[in-house]
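All remarks here apply to the structure that follows.
All of the numbers you see were taken from the coordinates with simple rules; none came from a lab. Just so we're clear, the structure is a prediction, and the values are computed from it rather than from any experiment. Neighbour counts are summed over all protein chains in view; Cβ atoms, including those assigned to glycine, are modelled from backbone coordinates with ideal geometry.
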Amino acid sequence: MEDFHLREKITHFDHERIPERVVHARGAAAHGVFESYGTAASVCKARFLASGQRTDVFVRFSTVAGSRGSADTVRDVRGFAVKFYTEEGNFDLVGNNMPVFFIQDGIKFPDVIHAAKPHPDREIPQAQTAHDTFWDFVSLHTEATHHVMWAMSDRGIPRSYRTMEGFGVHTFRLFNEAGETSLVKFHWKPLAGVHSLVWEEAQIAAGCDPDFHRRDLADSIEAGAYFEYDLGIQVMPDDGSETFHGIDLLDPTKIVPEELAPVQLIGRLTLNRNPTNYFAETEQVAFHTGNLVPGIEVTNDPLMQARLFSYLDTQLTRLGGPNFTQLPINRPHCPVNDMLRDGMHQSAVHTGVAPYRPNSLDGGQPLLADEANGGYVQVPRTVRGSVVRAAPASFADHYSQAALFYSSMTPIEQAHIVEAFTFELGHVYEQAIKQRELQVLANVNTGLCQQVAAGLGLPAPKGTPIENVTPSGALSMIVVEPGPVAGRRVGVLADSGSDLAAVNALSRSLKRAGVDVLVIAPVGGVLKKGRSSVTVQRTSLTARSIEFDAILVADGTTPSRDVKTVILLQEAYRHCKALGAWGDGAAGLTVAGIALDAPGVYVDEAVGKPFTDNIIRALGLHRSWERAELVMESAVPPVRPDRPVRRQARSSGAQLRTRSSGA
Ligand code: HEM
């Protein structure tokens with residue numbers, strides 16, 4: 001006992017863990033800056049939205065269902081939580097990568113989370129919704145249907161946080177200097193476009209590299225390839241109806257299609273600095289929907305109202321008392337002068353004797369900030385009617401926007417949705433749950449229901465799907481024109497016989513476009529030929545297709561029959577990624593069974609402009625979806641698309657002030 005060094009060290013160690021977040025436990029974060037375009041100033045008086053204002057931010061991305069140690073690439077919703085350290089205090093925009101939520105009323109949040117988490121008896125499965133309790137809940141609770149469609153789509157498996165949209169979900173009320181109010185939905189638009197993994201990649205990554213997304217975030221920032229997003233708003237009139245084109249703006253299971261209210265860009269977020277210490281920053285950060293600044297208010301959305309209570313309440317336990325707002329990561333970057341005192345882990349040394357108001361002993365300090373002095377004062381609202389525990393009639397529409405979402409997808413995206421439902425329901429033990437979910441799908445889209453039923457080997461029930469849905473092109477992620485390529489990664493297969501001068505030339509020209517090139521060789525070290533040399537960054541043992549957006553074979557490379565190299569190329573082929581070769585490198589593709597005239601396979605005599613242009617164009621299209629039919633043969637009957645939409649990629653850059661979703 002007298003070895004107090006030992007006791008202190010062991011005691012501290014014994015308490016190194018704090019309870020993980022009850023949801024969103026698995027996360028990764030980065031610091032950055034938000035630069036306002038000033039375009040929101042007409043609707044919002046928040047000072048950080050004034051023209052040219054630069055505000056420090058901290059962003060935490062997360063999955064919802066898994067524990068802290070779970071994999072990044074599981075099918076799930078992603079959290080997209082942003083803390084703006086504004087000069088008027090912290091504003092937390094605690095959003096997700098999907099614009100809708102499972103439930104309309106916060107009182108059901110524990111239910112949906114209990115259903116999604118592992119079964120209470122065996123504590124399996126981890127970070128999955130492919131199990132009985134989840135599908136039991138959502139099949140009984142049909143207001144989740146729209147969100148389930150998003151989760152079963154490719155949005156549930158993002159390629160990177162760099163290629164992920166974010167949404168505030170709820171409708172907010174903004175007001176300007178004149179006190180005029182608007183109803184607004186927040187969107188984050190990634191400059192790199194919106195792209196996802198394919199399901200097999202997500203599964204491989206969960207085993208090969210469970211840190212796939214967080215590694216990508218940290219490595220990219222370290223390499224100076226920052227993640228960038230534009231913040232946008234959809235602005236709807238605050239005319240007292242709290243609806244827009246018949247859509248209930250207080251229903252968090254509904255979107256406002258961008259065709260009805262375009263997203264107006266109001267500022268640029270750049271993530272440019274990694275946390276120094278994961279625990280101090282990423283783990284201890286505490287987001288709270290009640291961290292608002294003057295000009296931004298919440299609405300009467302019953303989901304948001306419950307969130308306003310939940311975050312602070314849970315953080316009292318997770319962070320051990322009421323003073324976690326003093327932690328460096330949570331502390332506002334502006335002065336704080338309140339009368340909150342004492343409590344566990346108090347780190348401020350307060351002066352004065354009168355922490356109450358009014359007082360005469362401390363000269364009446366601190367003074368109360370009124371509206372003119374930056375105090376937070378809500379806009380007056382008229383409230384009429386009876387208070388009852390009941391949902392409004394408009395909340396009873398559970399299918400129209402689920403149908404809208406499905407019919408807005410391209411055939412390939414619809415095929416992925418069919419596959420996802422079939423996979424997830426295929427893991428459900430209880431037949432009655434599968435049948436009940438099929439009934440839900442029958443009310444969304446007959447073709448979808450029939451295909452999932454066929455995959456499950458069950459009869460397809462009849463439903464009453466909404467007819468004449470108007471698709472929203474903005475919801476599809478598949479592009480027909482190339483988008484930005486910065487941040488993409490290309491693997492080049494080479495060995496000591498390869499044309500290394502050309503490898504270096506290719507690497508230089510792709511790097512100019514912001515594309516990272518990694519050399520993959522049979523073993524590590526440095527390859528040398530003549531006066532050229534290249535460093536090997538991956539070997540056939542350490543490379544896996546999931547980290548590359550394209551794979552090329554260099555001229556002079558001995559065609560490899562090594563099963564690992566063959567798998568590398570075949571996986572990239574199966575996942576519709578660009579493949580290519582120059583000179584006799586083409587033989588390396590042929591040995592792996594890849595037809596040189598297949599869609600998205602680029603073969604040229606030499607590395608020149610036509611070859612690099614082709615690769616850059618292919619990267620900008622994300623995948624060669626024309627190849628999908630060749631690689632997706634399966635027992636599940638082919639998709640009969642319901643009026644699919646195809647769309648143009650958007651270009652990047654602040655000059656484009658209106659941008660639609662997906663790319
Ligand atoms: C009534 C509904 C909801 C409740 C009660 C709720 C509750 C919670 C709780 C208790 C946490 C853990 C917080 C912590 O330990 O610091 C959390 C985290 C989070 N929630 Fe919610 N949530 C709800 C709905 C939503 C919705 C609709 C969204 C998206 C719009 C959302 C986004 C997030 C995010 C992004 C985090 C992680 C924040 C971080 O990175 O630390 N939640 N939520």
- Note on the structure: Inverse of <1/r> over all distinct C-alpha pairs of segment 202-275, i.e. the Kirkwood Rh in Å, gives 15.9
- Query: Per 5 Å bin, what percent of the C-alpha pairs of segment 391-538 does each bin hold, from zero upward?
  - Reply: 2, 8, 13, 12, 10, 8, 7, 7, 8, 9, 8, 5, 3, 1, 0, 0
- Grab the eigenvalues of the alpha-carbon gyration tensor for segment 399-475, scale each by 5, take roots, and send me the semi-axes largest first in whole angstrom. 22, 14, 9
- Message: Starting from 0.36 nm per residue, how many nanometres of slack lie between Leu308 and Asp3 once their C-alpha separation is accounted for?
- Response: 105.1 nm
- Item | Distance in nm between pseudo-label sites at Ala178 and Gln435 (7 Å out along the Cβ direction from Cα) | 6.1
- Each label sits 7 Å from Cα toward the beta-carbon; between Arg215 and Arg273 the label points are separated, in nm, by 2.7
- Message: With every atom except the alpha carbons ignored, what do you get for Rg and Dmax of segment 278-391, in angstroms?
- Response: 17.5, 51
- Item | Expected 222 nm ellipticity per residue - DSSP helices of 4 or more, -39500 (n - 2.57), all of the chain, to 500 | -7500 deg cm²/dmol
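Under unit Cβ charges (Lys, Arg +1; Asp, Glu -1), what dipole magnitude, rounded to 20 debye, does the chain have relative to its Cα centre?
940
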- Message: Taking just the alpha-carbon atoms of segment 1-149, what radius of gyration and Dmax come out, in angstrom?
- Response: 20.5, 67
- Counting other Cβ atoms within 10 Å, keep those with at most 13, restrict to DSSP loop, and tell me which chymotrypsin sites (Phe, Trp or Tyr not before Pro) in segment 377-443 are left. Tyr429
- Taking only the alpha-carbon positions of the chain and ignoring solvent, what does the Debye formula give for the base-10 log of I(q)/I(0) at q = 0.06, 0.07, 0.12 Å⁻¹? -0.37, -0.50, -1.35
